[in-house]
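Contents: one structure, followed by commentary.
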Amino acid sequence: MRLFVSIDLPDRLAEAVADAQARFADADGLRFVAPEQAHLTLFFLGDTDPDRLDSVEAALDPAVADTEVKPFELRVGGFGVFPALEYISVVWAGVREGSGAAETTRLNAAVADELTALGFEDDEHEFTPHVTLARMDDARGKGLVQDVVRDTDPDIGAFEATEIQLKESTLTDAGPEYDTVAAFEL
């Protein structure tokens, strides 16, 4: 099983995600995420033995409880890239400062603490709350992506984050498909 922990965007924001992605439509070399699958990843576990699923779920309960994070508003907007504008591998929309950024960072830290204690490896980079819009497979459209990221600041929308989800990602020829394995209320 290929697993990750996320906060999913509601279906009602899929059109706004698609509108944001449309700004990059003419950029060759991009592979877009399906707007209805948009989410904010808190922790990527990767390939996981199904026998470990119970221990993963058991670790996520205290991770959520210990943060004492209650449901909160999350506002998504603005563009960014990883790792840098000079070399782009991911195009994303961010979480607006003061609108869920602190809560998502606390949830990420608590989830990472619990899951690394189980032997999962944490990302070495500082956590940046974001929603992946596209992956850049080659640099043909890099100039256009750079211009759009520098010159636009879209507002995708806000929603109330009420839970985190443990998701399974199945890779298919049409792109990844995500299924919820478990949900944990804030």
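The values are calculated or read from the model by the stated rules, or taken from the named source; none is laboratory data. Note that the structure is predicted; figures quoted are calculated from it, not measured. All Cβ positions, glycine included, derive from the backbone under ideal geometry; neighbour counts span all protein chains shown.
Tally time: how many residues in the stretch 71-101 are free of Cβ contacts under 8 Å to residues at least 12 places away in the same chain and among the charged types (D, E, K, R)?
Result for the stretch 71-101: 2.
Please enumerate the residues belonging to the stretch 1-47 that are closer than 18 Å to residue 59 by Cβ and of a type in the set (Asp, Glu).
Matches in the stretch 1-47: 47 only.
Scanning for something farther than 18 Å from residue 94 by Cβ, in contact with a helix residue (DSSP H, G or I) (Cβ under 9 Å, 6 or more places away or on another chain), surrounded by 15 or more Cβ atoms within 10 Å (Cβ to Cβ) and touching a residue at least 12 places away in the same chain (Cβ under 8 Å), does the stretch 18-25 turn up at least one residue?
No; the residues of the stretch 18-25 include none that is farther than 18 Å from residue 94 by Cβ, in contact with a helix residue (DSSP H, G or I) (Cβ under 9 Å, 6 or more places away or on another chain), surrounded by 15 or more Cβ atoms within 10 Å (Cβ to Cβ) and touching a residue at least 12 places away in the same chain (Cβ under 8 Å).
Among the numbered criteria (1) within 19 Å of residue 132 (Cβ to Cβ); (2) at pLDDT below 95, which one does residue 108 miss?
It is condition (2) that residue 108 fails.
So is residue 145 closer than 14 Å to residue 81 by Cβ and β-branched (Val, Ile, Thr) or not?
Considered against the rule, which asks whether it is closer than 14 Å to residue 81 by Cβ and β-branched (Val, Ile, Thr), residue 145 comes out as yes.
If the requirement is being without any contact (Cβ under 8 Å) to a residue 12 or more places away in the chain and either assigned to a strand (DSSP E or B) or of a type outside the set (A, V, I, L, M) (or both), which of these qualifies: 128, 180, 116?
Just one listed residue meets the conditions, 116.
Go over the candidates 19, 49 one by one and state the one that is within 24 Å of residue 183 (Cβ to Cβ) and more than 14 Å from the chain's Cα centre (by Cα).
Sole residue among the options that is within 24 Å of residue 183 (Cβ to Cβ) and more than 14 Å from the chain's Cα centre (by Cα): 49.
Considering 111, 90, 149, 69, which residue is surrounded by 14 or more Cβ atoms within 10 Å (Cβ to Cβ) and part of a strand (DSSP E or B)?
It is 90.
Looking at 166, 144 in this structure, which one is at pLDDT 95 or above and out of contact with any strand residue (DSSP E or B) (no Cβ under 8 Å at 6 or more places or on another chain)?
144
Right, residue 38: within 21 Å of residue 172 (Cα to Cα), touching a helix residue (DSSP H, G or I) at 6+ places or on another chain (Cβ under 9 Å), of a type in the set (Gly, Ala, Ser) and buried (at least 17 other Cβ atoms within 10 Å of the Cβ) or not?
yes
Residues 68, 57: which one is at pLDDT below 95 and over 27 Å from residue 146 (Cβ atoms)?
Exactly one residue qualifies, and that residue is 68.
Out of 84, 63, I need the residue that is surrounded by 13 or more Cβ atoms within 10 Å (Cβ to Cβ) and of a type in the set (Gly, Ala, Ser). Which one?
Going through 84, 63 in turn, the sole match is 63.
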